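In what follows, a structure is listed as C-alpha cells, so that the remarks can point back to it.
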Amino acid sequence: MEAPGAGRALVVVDVQAGFDDPSWGRPGNPEMERNIDRLLGAWRRLALPVVFVRHDSDEEGSPLAAGTEGNRLKVAGDPDLLVTKKVHSAFYGRPDLDHWLQERGISRLAICGIATDHCCETTARMAGDLGLGAASDQ
C-alpha cells in the first residue's frame, strides 16, 4: 500500500515581500499567506517534499530584485529545494526543478503562491507539458 502523499510535492511560488509594494495593487486574496502557512503545516506533518520558488528580478528598481528586502521569502521554514527564477515558470529556474522531481519519483504537484494567473499557472502548465499531474488527481 502506498504511503499517503507518496509521489507528491508542494510548490510554493513567489511568496515574497516585494509583492507588498503598492505598485502591485491590492491583493486579491488577503488570506493567501495564512492559507499557504496552513497548507505548508499540513504538508510538513505528512513529511512530504516542499519546494519554494523565488523570483530574482534583474530589472532595475524591481521590488523583487535579488539582494533586496523585497526579494525575501515570506514563508516559514526551510524547503527541500529552493528554485530561483527570472521568468514566469519555475521550470526555467536554478536548480532544475524537473530533474529534482524525477530523481525523487515525484509525479504530482500541488502549486500555490502569488500571481496565480501568471507564475503559478505558467508553472502548472509546464508541469502538465512535462507529464506531471495535479496532486488532487486520483
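The values are calculated or read from the model by the stated rules, or taken from the named source; none is laboratory data. Just so you know, these numbers come straight off a predicted model, no measurement behind them. Here Cβ is always computed from backbone atoms with ideal geometry, including for glycine, and neighbour counts include all displayed protein chains.
Yes/no per residue for (1) within 13 Å of the chain's Cα centre (by Cα); (2) modelled with pLDDT under 95; (3) of a type in the set (A, V, I, L, M); (4) over 21 Å from GLY131 (Cα atoms):
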{"site": "VAL15", "(1), (2), (3), (4)": "yes, no, yes, yes"}
{"site": "TRP24", "(1), (2), (3), (4)": "no, yes, no, yes"}
{"site": "GLU33", "(1), (2), (3), (4)": "yes, yes, no, yes"}
{"site": "ILE36", "(1), (2), (3), (4)": "yes, no, yes, yes"}
{"site": "LEU40", "(1), (2), (3), (4)": "yes, no, yes, yes"}
{"site": "ARG54", "(1), (2), (3), (4)": "yes, no, no, yes"}
{"site": "GLU60", "(1), (2), (3), (4)": "no, yes, no, yes"}
{"site": "GLU69", "(1), (2), (3), (4)": "no, no, no, yes"}
{"site": "LEU81", "(1), (2), (3), (4)": "yes, no, yes, no"}
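Just one residue in the set SER107, SER136 is more than 17 Å from VAL15 (Cα to Cα), among the polar types (S, T, N, Q), over 15 Å from the mean Cα position of the chain (by Cα) and at pLDDT below 90; that residue is SER136. Taken over segment 22-45, the criterion of being farther than 17 Å from ASP117 by Cα, of a type in the set (Gly, Ala, Ser) and free of Cβ contacts under 8 Å to residues at least 24 places away in the same chain is satisfied by GLY41, ALA42.
The single condition among (1) of a type in the set (A, V, I, L, M, F, W, C); (2) within 19 Å of THR122 (Cα to Cα); (3) touching a Cys at 6+ places or on another chain (Cβ under 7 Å) that LEU39 does not meet is (2). Of all residues in segment 112-134, those that are on the phi > 0 side of the Ramachandran plot have Cβ atoms under 6 Å from Cβ atoms of residues that are buried (at least 20 other Cβ atoms within 10 Å of the Cβ) and assigned to a helix (DSSP H, G or I), 6 or more apart or on another chain, in GLY113/CYS120.
Of the residues making up segment 12-60, those that are of a type in the set (S, T, N, Q) and more than 16 Å from GLY70 (Cα to Cα) are ASN29, ASN35. Within segment 94-109, residues that are without any contact (Cβ under 8 Å) to a residue 60 or more places away in the chain reach partners that are surrounded by 11 or more Cβ atoms within 10 Å (Cβ to Cβ) and hydroxyl-bearing (Ser, Thr, Tyr) with beta carbons closer than 6 Å, at six or more positions or on different chains, in the pairs ARG94/THR84. Applying the criterion of being of a type in the set (A, V, I, L, M, F, W, C) and over 20 Å from THR116 (Cβ atoms) to the residues of segment 53-78, the residue that is surrounded by the fewest Cβ atoms within 10 Å (Cβ to Cβ) is ALA76. Remark: LEU81 falls outside the filter, which requires a residue to be touching a Gly at 6+ places or on another chain (Cβ under 8 Å) and either on the phi < 0 side of the Ramachandran plot or buried (at least 16 other Cβ atoms within 10 Å of the Cβ) (or both). All of LEU64, LEU73, LEU82 fail the test of being touching a residue at least 24 places away in the same chain (Cβ under 8 Å) and closer than 20 Å to ALA127 by Cα, apart from LEU82.
Within segment 43-78, the set of residues being on the phi > 0 side of the Ramachandran plot and in a strand (DSSP E or B) is empty. Residues that are under 14 Å from ASP14 (Cβ atoms) and not in a helix (DSSP H, G or I) do occur in segment 114-124, at least one of them.
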